[in-house]
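Engineer: Would you mind keeping the following structure in view while I ask a few things?
The values are calculated or read from the model by the stated rules, or taken from the named source; none is laboratory data. The shown structure was predicted, so the numbers you read here are calculated from the model rather than taken from an experiment. Reconstructed Cβ throughout: ideal geometry from the backbone, glycine too, with neighbour counts over all protein chains shown. Areas reflect the complete protein model, heavy atoms only, side chains present, ligands, DNA and RNA absent. Shrake-Rupley method; radii C 1.70, N 1.55, O 1.52, S 1.80 Å.
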Amino acid sequence: MNKDVYHFINGQKTAGQGNQWVPLIDPLTNTAHKRVIYANSLDIEEAIDAAKTAFTSWASTTPSKRSQILFRFKYLLDQHT
């Protein structure tokens with residue numbers, strides 16, 4: 001395997017606090033090219049807390065601005081898929 005995949009919590013990449021890495025299998029070739037660490041309960045709590053904090057500002061964002069953000073995200077997904 002040649003690459004680790006990290007969790008993305010609160011705008012930052014984090015390896016997490018778990019201790020078990022699992023391979024990410026490419027379904028086309030049935031081979032593992034990457035791996036990710038299992039999240040533990042502390043990682044999950046950190047992600048939930050970050051999401052609760054982010055929700056406050058997202059909820060006050062106008063629907064027009066939200067749609068612009070989501071369409072930009074879709075564009076980036078399309079470009080990198």
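Engineer: Please list, ordered by first then second residue, the pairs with beta carbon atoms under 9 Å, 6 or more apart or interchain, first in segment 56-69 and hydroxyl-bearing (S, T, Y), second part of a helix (DSSP H, G or I) and open to solvent by 70 Å² or more (accessible area, probe 1.4 Å).
Structural biologist: These pairs meet every condition: T61/I69.
Engineer: Then there's this: Does T31 count as within 15 Å of the chain's Cα centre (by Cα), under 27 Å from T81 (Cβ atoms) and polar (S, T, N, Q)?
Structural biologist: On the way: within 15 Å of the chain's Cα centre (by Cα): no; under 27 Å from T81 (Cβ atoms): yes; polar (S, T, N, Q): yes.
No, not satisfied.
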